[in-house]
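Here the structure is laid out as structure tokens; the discussion comes afterwards.
The values are calculated or read from the model by the stated rules, or taken from the named source; none is laboratory data. If you're wondering where the values come from, they're calculated on a predicted model, not measured in any experiment. Because the Cβ atoms are built from the backbone with ideal geometry, glycine has one as well, and the counts that use them run over all protein chains shown. Side chains are part of the model used for accessible areas, which takes the heavy atoms of the whole protein and leaves out ligands, DNA and RNA. Shrake-Rupley method; radii C 1.70, N 1.55, O 1.52, S 1.80 Å.
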Amino acid sequence: MIDLEQRHLVDPAARVLADEHRSLNLIYSGFSQTSLPLRTPKETVWRRSGANVTLLIESGMEEDGETPVGLPAGAKARMILIYLQTRAKQTNSRRVELGRSMAEWLQNMGIAAGGKTYAEVRRQARRISACKLTFFLTTESGGVQTQLRHNGGFVDDEILMTSSNPRQLVLWNEEVVLNEMFYRSLLQHPVPLLEAAVRVLASKPMALDIYCWLAWRLHILDEPLSLSWSALYGQFGGGMSLLRQFRPEFQRNLEHALAAYPEANVTVQPGGIVLAPSRSPIDTKSYKAAKIL
């Protein structure tokens, strides 16, 4: 008999394993090593580091030029970005169709097109449009470290959502253009994600961040890698003031991420976690079918 306390993990895992379509989403690898805020912070500048990547996001301004729009945060912001990046890579174009296409995808991912949900999607879309984005990439060769800086934004124009009926999520502007530098980085370093896994984690921003990180990291490991709670806190603990608050929250979300990625070989220990080489959640045939390669 299934332990009722584990039911919340068994059901999502079953949905991922039962998915026959094996459809893919994807993100730029920088988002697998860093993360957006889990919830809207009071600050207007967000900085988060992981591995050899640092993400810096600065809020855009309202039309008055003085009031910050706010930073993109939470589950809805992550899902909008996954959609934009997936469609751009699949079509090999910076121009991404919105309108009904995006609305249908969001609904397919379990994000209802109405009421408070619609208002939050609209809010996060506006923040994504307005913010300034910088990735700092550190590389090492011959003992010398080099830092590359990618400036820009997510998109080069605003994601408009205008509707006389606030319960409708279909009247976006027809398309949006991804920032050229961001788009080039995406083409060069995409990380495929199983869409069924993204769907079951769509309302859990930290679990989704952990899944994206594991999907990028585990299958390229040659040997086990130990990570301390302090290191994990530096990457995933934004918005939490204390490490002791972060640890149980991370462990709960790790359970959800592992339910969506059953091939993952991860062990929790008193001092942190151990990552071991694991099979990728995505097979090569799925890569090609989804035009990832």
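When the residues of region 42-64 are filtered to those that are small (Gly, Ala, Ser) and assigned to a strand (DSSP E or B), the one that is farthest from Pro192 (Cα to Cα) is Ser49. Exactly one residue out of Arg39, Arg78 is part of a loop (DSSP other than H, G, I, E, B), of a type outside the set (A, V, I, L, M, F, W, C) and under 12 Å from Gln124 (Cβ atoms), and it is Arg39. For region 32-53, filtered to residues that are among the polar types (S, T, N, Q) and open to solvent by less than 20 Å² (accessible area, probe 1.4 Å), the residue that is nearest to Leu227 (Cα to Cα) is Gln33. The condition (being in contact (Cβ under 8 Å) with a residue 60 or more places away in the chain, surrounded by 22 or more Cβ atoms within 10 Å (Cβ to Cβ) and among the aliphatic types (A, V, I, L, M)) is satisfied by just one residue among Ala125, Ala88, Ala103: Ala88. Against the condition modelled with pLDDT of 95 or more, surrounded by 14 or more Cβ atoms within 10 Å (Cβ to Cβ), charged (D, E, K, R) and over 14 Å from Leu38 (Cβ atoms), how does Glu223 come out, does it pass? Spelling it out, it is not the case that Glu223 is modelled with pLDDT of 95 or more, surrounded by 14 or more Cβ atoms within 10 Å (Cβ to Cβ), charged (D, E, K, R) and over 14 Å from Leu38 (Cβ atoms). Report yes if Ala202 is in a helix (DSSP H, G or I) and either of a type in the set (A, V, I, L, M, F, W, C) or out of contact with any Pro (no Cβ under 6 Å at 6 or more places or on another chain) (or both), otherwise no. Taking the combined requirement at face value, the residue does not satisfy it.
A count restricted to region 171-220 and to residues that are crowded, with 21+ Cβ neighbours inside 10 Å, touching a strand residue (DSSP E or B) at 6+ places or on another chain (Cβ under 9 Å) and free of Cβ contacts under 8 Å to residues at least 60 places away in the same chain stands at 1.
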